[in-house]
Amino acid sequence: MKSILFLIAFLISSLQAKHLQVDVSAKSAVLMNGETGAVLYEKNPHAPSYPASITKVATALYAMEVKHADLSRVVKVSAESVRMKTAQRDPSKTPAYWLESDGTRLGLLRGEEISLESLLHALMLQSANDAANVIAESMSGSIPSFVSELNEYLKSIGCLNTHFCNPHGLHHPEHQTSAYDMCLIAKNAMHIPKFREIVAKLSYVKPKTNLHPEEKLRQFNHLLRQGRFFYPKAIGIKTGYTSHAQNTLVAAALDGDRTLIAVVMGCENRENRYVDVKKLFEAAFHEQKIHQTMFKADSSYSRAVAGATSPLTAALEHELAIDYYPAEEPDHPKAEIRWTIPALPIHAGQKVGELRLIDAHGTLLNSTALLAREEVQGSWTFMIKDWWSRLFR
């Protein structure tokens, strides 16, 4: 069988997403489909921003997805991973990963033995900065090595405006990202079942260690907890705050089979971040899905076939249609025929290719088979050559 690619030379320009119209207080914000990566809303999406503790989403992603962290593994806390900054040290000469006294910590001690499962829960539920350092060191041998590897990985998944200096998000002038990049990071993280399970929990009982008793860790994300900002469709994931970053939030919500991820950065107060993401989610979830037929079932296409007595005419097996929400309307979709011509003779109803609809990023939106409408015979010359080649094969 020969496979021939043929592009229909036109763009269906009538289709292009119309972003949601939502007023948010955040300095930058993005709403993204967690499966397709389609952007439904954006406000200064690529503006460099301080992330604060939403950095920890990237730390967990890299540890689980790339380093394949064994959550049952017990690691020993080093002195370096829990080292604190002091007023006497020159800030410009202090490692960016050293901890701050007013930052959130689990209270890990040098020589403490603790599982990676406990550390990841402390990282994502309680936002423990010391847990981030211990995870990083245990994954890559040193915290700086982990951060360097993490930055390279984030570039590989499409982050263009991200450079991290530590695994936890404590302020450093060069530790920056963007709302769009954080959406990409969260999208990848939420595809990891264990990560998705952790960030949806309201609490976790951390088993006792050699230096600490059993302890209950509680979820910081108020979208998940009963109260003023509770959102029943929320399924995670992480809050953040420093005086430089102000309030940040990466949130995910599920309605039916549709997962959306919202990122808001630079919110003046913590209440605004919850209000903003809920407004974004609700605007998207209230949209009605559209069904649009792009090619009818009676559409037909023809082409010459080498050695045939007549052209091949093919029709669509089914109509080619797409379903989409208005804010996720495919970006400049393009129709493409992929011919897969079988050996002659070709019989009526036989599959000879397919018509595909792809978006501007090359993602397949839908496809349907092309079936021969009538029999196509080979010429006498073709049949003799074919017989001769079979005879002396």
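The values are calculated or read from the model by the stated rules, or taken from the named source; none is laboratory data. As the structure is a computational prediction, the values presented were derived from the model and not from experiment. A quick note on method: Cβ atoms are made from the backbone with ideal geometry, for glycine too, and the neighbour counts reach across all protein chains shown.
Any residue at all in region 311-330 that is among the hydrophobic types (A, V, I, L, M, F, W, C), over 30 Å from Leu40 (Cβ atoms), at pLDDT below 90 and in contact with a Gly (Cβ under 9 Å, 6 or more places away or on another chain)?
Within region 311-330, not a single residue is among the hydrophobic types (A, V, I, L, M, F, W, C), over 30 Å from Leu40 (Cβ atoms), at pLDDT below 90 and in contact with a Gly (Cβ under 9 Å, 6 or more places away or on another chain).
Taking region 246-255 as the region of interest, how many residues are surrounded by fewer than 24 Cβ atoms within 10 Å (Cβ to Cβ), of a type outside the set (D, E, K, R) and in contact with a helix residue (DSSP H, G or I) (Cβ under 9 Å, 6 or more places away or on another chain)?
Final tally of qualifying residues: 2.
Buried (at least 22 other Cβ atoms within 10 Å of the Cβ) and polar (S, T, N, Q): is that true of Asn269 in this structure?
Judged against the criteria, Asn269 is not a match.
For region 74-88, check the following and say yes or no: at least one residue is polar (S, T, N, Q), in a loop (DSSP other than H, G, I, E, B) and closer than 20 Å to Asn166 by Cα.
Checked region 74-88: at least one residue is polar (S, T, N, Q), in a loop (DSSP other than H, G, I, E, B) and closer than 20 Å to Asn166 by Cα.
Just to verify a result, which residue in region 65-118, among those that are among the basic types (Lys, Arg) and modelled with pLDDT under 95, is surrounded by the fewest Cβ atoms within 10 Å (Cβ to Cβ)?
So, considering only residues that are among the basic types (Lys, Arg) and modelled with pLDDT under 95, the one surrounded by the fewest Cβ atoms within 10 Å (Cβ to Cβ) is Lys93.
Can you tell me which condition Ser127 does not meet? The list is (1) surrounded by fewer than 22 Cβ atoms within 10 Å (Cβ to Cβ); (2) out of contact with any Pro (no Cβ under 9 Å at 6 or more places or on another chain); (3) of a type in the set (Gly, Ala, Ser), and all the others hold.
Failed condition: (1).
Could you grab me the full set of residues in region 366-393 that are surrounded by 14 or more Cβ atoms within 10 Å (Cβ to Cβ) and at pLDDT below 65?
Asp386
Among Glu328, Glu271, which is the only one that is within 19 Å of the chain's Cα centre (by Cα) and of a type outside the set (Phe, Trp, Tyr)?
Being within 19 Å of the chain's Cα centre (by Cα) and of a type outside the set (Phe, Trp, Tyr) holds for just one of Glu328, Glu271, which is Glu328.
From the set of residues in region 48-63 that are out of contact with any Phe, Trp or Tyr (no Cβ under 9 Å at 6 or more places or on another chain) and part of a loop (DSSP other than H, G, I, E, B), which is farthest from Leu120 (Cα to Cα)?
Pro48
Table: residues versus (1) outside the structural domain of Thr36 (by TED's automatic domain parsing); (2) part of a strand (DSSP E or B).
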{"site": "His244", "(1), (2)": "no, no"}
{"site": "Thr248", "(1), (2)": "no, yes"}
{"site": "Thr259", "(1), (2)": "no, yes"}
{"site": "Gly266", "(1), (2)": "no, yes"}
{"site": "Arg273", "(1), (2)": "no, no"}
{"site": "Val277", "(1), (2)": "no, no"}
{"site": "Ala297", "(1), (2)": "yes, no"}
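Might you let me know whether region 219-226 holds any residue that is over 17 Å from Val277 (Cα atoms) and in the same structural domain as Ala69 (by TED's automatic domain parsing)?
yes
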